[in-house]
Structure formats: C-alpha cells, structure tokens
Amino acid sequence: MNHTALITGASRGLGAEFARLFASKGTNLILVARSEKELNDLKDELENTFNISVRIIAKDLTKPENVRFVYDEIKDTGIEVDYLVNNAGFGDFGHFSDTEWERHEQMIDLNMKTLSYFCYLFVQDWIPRKSGKILNIASTAAFQPGPGMSVYFASKAYVASFSQAIAYEFQKYGITVTALCPGPVRTNFGIAARMQHPNGFLKDMKTPLPGEVVAFGYRAMMKGKTLVIQGGLNKFVANLVRFIPRKWLITLSAKVISW
Ligand SMILES: NC(=O)c1ccc[n+]([C@@H]2O[C@H](COP(=O)([O-])OP(=O)(O)OC[C@H]3O[C@@H](n4cnc5c(N)ncnc54)[C@H](OP(=O)(O)O)[C@@H]3O)[C@@H](O)[C@H]2O)c1
C-alpha cells in the first residue's frame with residue numbers, strides 16, 4: 001500500500017519540490033497552502049505523471065482553527081498520514097518596530113505555532129502505532145540572531161530547538177523528527193519577505209537549486225537524522241558561528257542581512 005505525506009506550503013518553492021519528490025517515490029499526497037490554483041495545477045501534474053493520488057486543502061495556516069480543520073478532514077477520510085513535512089513559512093525584511101504587528105504575529109503563528117500544532121496532532125496517532133516521520137524546515141537562520149529579520153531568525157531557532165527536543169522524546173515510539181536547515185535557496189521566499197532585491201541578500205550569489213535541498217532533506221528524513229544543514233559552506237559557517245563572540249556575531253549578521 002502507498003504511504004501518504006502531508007506537505008504544508010506546497011503551492012510553490014521547496015514545498016512543491018518536496019511534493020514532486022515524494023510523488024516520484026509513489027507516495028500519495030495531501031498538499032496544503034493558500035493558493036488553490038497552484039495546488040490544483042500541481043495535483044494535475046503529479047497525478048498525470050505518477051501513479052498516486054493527491055488531495056489538496058487550500059487554507060491559511062496562520063489560523064489554528066485551519067490547522068485543526070486540515071487534521072480533522074484527513075481523519076474523516078480515513079487516510080493515515082505517514083510523513084509530515086512542516087514546510088510552510090515566511091520571513092519579513094525590516095526593522096522590528098517598522099513592521100506591522102500583524103506580519104510578526106502571522107510569522108510567529110505559521111513558522112512556530114502551526115508547525116508545533118501539526119506535530120502534536122499527528123504524534124497522538126503515531127505513538128500507538130509506533131511509526132511516523134516528521135520533517136520540519138528550519139534554516140541556517142537558526143544559528144544566530146538576525147537584526148533586520150529578527151522574528152524570522154528567532155522562529156527558525158525555535159524550529160531547530162523544538163525539533164531536536166521532540167526527536168529525543170519520540171525516539172522510544174519509533175517516530176523520527178528531522179530539522180532541515182537550508183541556507184539561501186532561490187524560491188519565492190525573497191519576494192514574500194519583501195526584500196528590496198528579488199533574491200534578497202543572495203543577490204547574485206551561487207545558491208543550490210530547490211531540488212538539491214529537497215533531495216538532501218528527504219534522504220535525511222528517511223534516515224531519521226535529527227538536524228541537518230544543507231551544503232558544505234553552510235555547515236562550516238553554522239559551526240564557525242559557535243566560536244565567534246556574540247556581539248561580533250550579531251553585528252556580522254546585521255551586515256549580511258542588510259547587504
Ligand atoms: N528559500 C530560502 O532561502 C529558505 C532558506 C531556509 C529556509 N527556508 C524555509 O523553507 C520553507 C519554504 O520556503 P520557500 O523558500 O519554498 O518559500 P516560498 O517559495 O515563498 O514558499 C512558501 C510556501 O509557504 C506557503 N505559505 C505561506 N504562507 C502561508 C499561509 N499563511 N498558509 C499556508 N501556507 C502558506 C506558500 O503558499 P501560499 O502562498 O499559496 O499560501 C508557499 O507554498 C519556509 O519555511 C522557509 O522559511 C527557505
């Protein structure tokens with residue numbers, strides 16, 4: 001029988017690539033995001049290419065009642081989810097006090113609350129059956145504070161910390177939790193984050209293709225790894241920052257973000 005993956009933020013970017021990769025492995029999909037048309041197009045593409053079924057649920061996941069709705073809808077159909085990919089997320093460029101509070105709140109809700117709530121709901125089903133895999137998309141932003149994107153960086157630090165802690169708690173139930181930390185990837189992220197340059201602070205930097213990041217994350221999830229950093233340079237920098245005095249690190253981080 002085919003496995004089923006629930007992927008949030010699947011209408012574009014890394015989420016859509018995750019959907020393509022899971023589909024190529026014969027995994028049925030439940031795809032969630034706000035953009036119904038993009039989700040429908042992806043459903044058609046995947047069902048026409050692979051022998052799988054795709055269900056889409058168009059919902060704004062900043063709202064906890066919608067998280068519950070998605071979970072209940074899946075339960076009502078009797079589908080058992082095997083893989084949960086908490087990918088939906090966004091950043092916002094600008095000083096904390098200059099940004100509308102609603103944006104901060106939505107980021108906090110989506111990047112942390114929704115991700116945690118989905119983990120909470122699904123593990124209730126997975127503990128008795130002693131299986132299930134979670135992939136939470138963090139970021140290399142998790143490893144230092146980010147002046148100019150303060151809430152986003154803090155939210156990703158939460159994802160990395162939370163994922164490692166619950167990975168430890170759930171290991172006795174055969175449930176794995178993986179935090180994937182990509183560095184910059186060319187997706188819609190920079191535009192959604194209202195960065196001045198369409199590629200944000202990446203500008204013309206060479207960055208991995210979304211497919212590379214997704215393949216790396218998928219392998220790590222399947223192996224049940226706990227925290228993985230994509231790319232040699234990202235891994236080096238993420239380890240290096242542990243040895244840089246905090247004051248310097250924050251100044252450096254601010255300069256990179258506003259570059
Ligand atoms: N790109 C990077 O440089 C980078 C680096 C490290 C980590 N990440 C992380 O990777 C994940 C995916 O980002 P991406 O780069 O693929 O960005 P993206 O191209 O902007 O895609 C973001 C996805 O999240 C969905 N989403 C946003 N707000 C939502 C909401 N309120 N409710 C439901 N879905 C929502 C979007 O769908 P709708 O707009 O249709 O709702 C879209 O499918 C994020 O968690 C991001 O923080 C990205």
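Answer yes or no as to whether Thr62 is farther than 23 Å from Val214 by Cα, crowded, with 18+ Cβ neighbours inside 10 Å and among the hydroxyl-bearing types (Ser, Thr, Tyr).
Here the answer is yes, as Thr62 does meet what is asked.
Which numbered condition trips up Ile56, out of (1) within 13 Å of the ligand (Cβ to nearest atom); (2) without any contact (Cβ under 8 Å) to a residue 12 or more places away in the chain?
Tallying (1) within 13 Å of the ligand (Cβ to nearest atom); (2) without any contact (Cβ under 8 Å) to a residue 12 or more places away in the chain, Ile56 fails exactly one: (2).
Can you tell me which residue in segment 5-33 is surrounded by the fewest Cβ atoms within 10 Å (Cβ to Cβ), limited to those that are among the β-branched types (Val, Ile, Thr) and not in a loop (DSSP other than H, G, I, E, B)? Steps first, answer last, please.
Pass one, segment 5-33, residues among the β-branched types (Val, Ile, Thr): 7-8, 27, 30, 32.
Checking the rest, the ones that are also not in a loop (DSSP other than H, G, I, E, B) come to 7-8, 30, 32.
Values: Ile7: 26, Thr8: 27, Ile30: 23, Val32: 28.
Filtering segment 5-33 for residues that are among the β-branched types (Val, Ile, Thr) and not in a loop (DSSP other than H, G, I, E, B), the one surrounded by the fewest Cβ atoms within 10 Å (Cβ to Cβ) comes out as Ile30.
Return yes or no: is Glu47 more than 30 Å from Pro145 (Cα to Cα), of a type in the set (Asp, Glu) and touching a strand residue (DSSP E or B) at 6+ places or on another chain (Cβ under 7 Å)?
For Glu47, the condition - more than 30 Å from Pro145 (Cα to Cα), of a type in the set (Asp, Glu) and touching a strand residue (DSSP E or B) at 6+ places or on another chain (Cβ under 7 Å) - is met.
Output the residues belonging to segment 34-51 that are surrounded by fewer than 16 Cβ atoms within 10 Å (Cβ to Cβ) and within 12 Å of the ligand (Cβ to nearest atom).
Arg34, Ser35, Glu36, Lys37, Asn40, Asp41, listed by residue number.
Would you be able to tell me the number of residues in segment 60-106 that are hydrophobic (A, V, I, L, M, F, W, C) and either assigned to a helix (DSSP H, G or I) or away from the ligand (no atom under 16 Å from the Cβ) (or both)?
First, pick out the residues of segment 60-106 that are hydrophobic (A, V, I, L, M, F, W, C): 61, 67, 69-70, 74, 79, 81, 84-85, 88, 90, 93, 96, 101.
Add one more test, that the residue is either assigned to a helix (DSSP H, G or I) or away from the ligand (no atom under 16 Å from the Cβ) (or both), and what stays is 67, 69-70, 74, 79, 81, 96, 101.
Summing the residues that are hydrophobic (A, V, I, L, M, F, W, C) and either assigned to a helix (DSSP H, G or I) or away from the ligand (no atom under 16 Å from the Cβ) (or both) in segment 60-106 gives 8.
Can we say Val32 is under 18 Å from the mean Cα position of the chain (by Cα) and among the β-branched types (Val, Ile, Thr)?
Spelling it out, Val32 is indeed under 18 Å from the mean Cα position of the chain (by Cα) and among the β-branched types (Val, Ile, Thr).
Any residue in segment 11-22 that's more than 14 Å from Leu209 (Cα to Cα): show its pairings with residues that are among the acidic types (Asp, Glu) at Cβ separation under 6 Å, as long as the two are six or more apart or on different chains.
Listed pairs, sorted by first residue: Ser11/Glu38.
Taking segment 218-249, which residues are small (Gly, Ala, Ser) and either without any contact (Cβ under 8 Å) to a residue 12 or more places away in the chain or more than 12 Å from Lys133 (Cα to Cα) (or both)?
Listed by number, the residues that qualify are Gly231, Gly232, Ala238.
Being touching an Asp or Glu at 6+ places or on another chain (Cβ under 7 Å), crowded, with 18+ Cβ neighbours inside 10 Å and within 25 Å of Ser24 (Cα to Cα) narrows it down to one residue among Val85, Val54; which is it?
Just one listed residue meets the conditions, Val54.
Of the conditions (1) out of contact with any helix residue (DSSP H, G or I) (no Cβ under 6 Å at 6 or more places or on another chain); (2) of a type outside the set (Val, Ile, Thr); (3) modelled with pLDDT of 95 or more, Ala238 clears all except one; give me its number.
For Ala238, the exception is condition (1).
Tally up the residues in segment 131-180 that are under 22 Å from Ile244 (Cβ atoms), more than 10 Å from the ligand (Cβ to nearest atom) and either free of Cβ contacts under 8 Å to residues at least 40 places away in the same chain or aromatic (Phe, Trp, Tyr) (or both), please.
6
The values are calculated or read from the model by the stated rules, or taken from the named source; none is laboratory data. Fair warning: this is a prediction, and the values are worked out from it, not measured in the lab. Note that each Cβ is placed from the backbone with ideal geometry, even for glycine, and that neighbours are counted across all protein chains shown.
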